[in-house]
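Below you'll find the structure, written out as C-alpha cells, and then a few comments.
Where a number appears in this text, it was derived from the coordinates with a stated rule and is not lab data. In this text the structure is predicted, and so the values were computed from the model without any measurement. Positions of Cβ are backbone-derived with ideal geometry, glycine not excepted, and every protein chain shown enters the neighbour counts.
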Amino acid sequence: MKLEKLNAIVTGGASGLGGAVVQALVKAGLQVSALDLPGKEREEAVKAMGAAFIGVDVTDRQQIKQALSNLVESWGSLHVAVNCAGVAMAIKTLQGGQASDLNIFEKVIQVNLSGTYNVCQCAAEVMAKNEPNENGERGLLVMTSSIAAFEGQKGQTAYAASKGGIRSLVLPMARDLADLGIRVMGIAPGVFDTPMMASLPDAAKEMLIKTLPFPKRLGKPEEFAAMIKHMIENPMLNGSVVRLDGALRLN
C-alpha cells in the first residue's frame, strides 16, 4: 500500500516504540490515532506528535469496537493497525521455593496477547469493509512480538509466553484473512532504547550491549518504525515475524 492517504491506529502510541511509529507515520502523510491508556500526559504527548489520542484499554472489547467505530465514522476507513501496547513483568516459576503469583502471569498474557488479538480482530472487522486497492489489499495488521518469544531469559516466563503466543498467532491469522486481502505481520525487536530499557541499571544495559554482534548499541525506535513503514509498502510481506535484533541471541 502507498503510504499517502492511509488511515492508521497505533496501540501503545504515546511513548516508546509505539510513539516512534506514530511520529514516522504522521511524517509519511498518514492520518494516525494513538490508542493508549487514558492520561493527560499521554494525550499531550500524542498531540505533540501530530496525531489524535484515544484513551482505551486494549483488553476491553467494547472500548476498542467503539473507538474504531468512531474513527471510521470520522475517517471513512481504516487501513493499518499497529500493536505496540504491552507490559513486562519479571516473574520466575518459583519465588522463594513457592509457586509464583498466577495473577501476574495472567495479567501479562491478558494485555500482551489477548489485547493484541482483541485489537486485531476488531480492526480486521472494520478493514474487511474497505474497497480493495489495485493489488486487492484492504489492510495490514502488525503485532509486536519479541526475541524473548524465541529465547526467553530467566524471569521471563510470563513475558516470553505472551510474546511467543503473538509469534504463533501471525501466520494462522494471515491465512484466516487472506481471502479478504488483509495482511498480517509480526515484528520481534531485540533491545531498543525505550523508557522500558531506560529503567535498567547502567551495568545491565552495558552487559546487553556487549552481547550484540552488530551494531553494538541499543536499537533506535526510529529503526523499528522504519520496518513498520516497509511492511505497509511491501505487499509480499505477509504471515511472517521479522526479527529486528542486530543478530542478538539471548542466553
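The set of residues from segment 221-249 being without any contact (Cβ under 8 Å) to a residue 40 or more places away in the chain and closer than 10 Å to PHE192 by Cα comprises just one member, GLU223. Looking across segment 100-121, the residues that are over 15 Å from the mean Cα position of the chain (by Cα) and either in contact (Cβ under 8 Å) with a residue 60 or more places away in the chain or exposed (fewer than 14 other Cβ atoms within 10 Å of the Cβ) (or both) come down to ASP101, LEU102, ASN103, GLU106. For segment 1-12, the candidate set comprises residues that are more than 11 Å from ALA225 (Cβ to Cβ) and buried (at least 24 other Cβ atoms within 10 Å of the Cβ); within that set, the residue that is farthest from the chain's Cα centre (by Cα) is ALA8. When the strands (runs of 3 or more DSSP E) confined to segment 35-152 are screened for residues that are among the aliphatic types (A, V, I, L, M) and either touching a strand residue (DSSP E or B) at 6+ places or on another chain (Cβ under 6 Å) or within 28 Å of PHE192 (Cα to Cα) (or both), those reaching at least 3 such residues are found at 80-83, 139-144.
Which ones in segment 149-174 are within 20 Å of ASN103 (Cβ to Cβ) and not small (Gly, Ala, Ser)? Hits for segment 149-174 are GLN156, THR157, TYR159, LYS163. The set of residues from segment 223-251 being charged (D, E, K, R), surrounded by fewer than 15 Cβ atoms within 10 Å (Cβ to Cβ) and assigned to a helix (DSSP H, G or I) comprises just one member, GLU233.
When ARG183, ARG217 are screened for being touching a helix residue (DSSP H, G or I) at 6+ places or on another chain (Cβ under 7 Å), in a loop (DSSP other than H, G, I, E, B) and more than 28 Å from ILE104 (Cα to Cα), only ARG217 passes.
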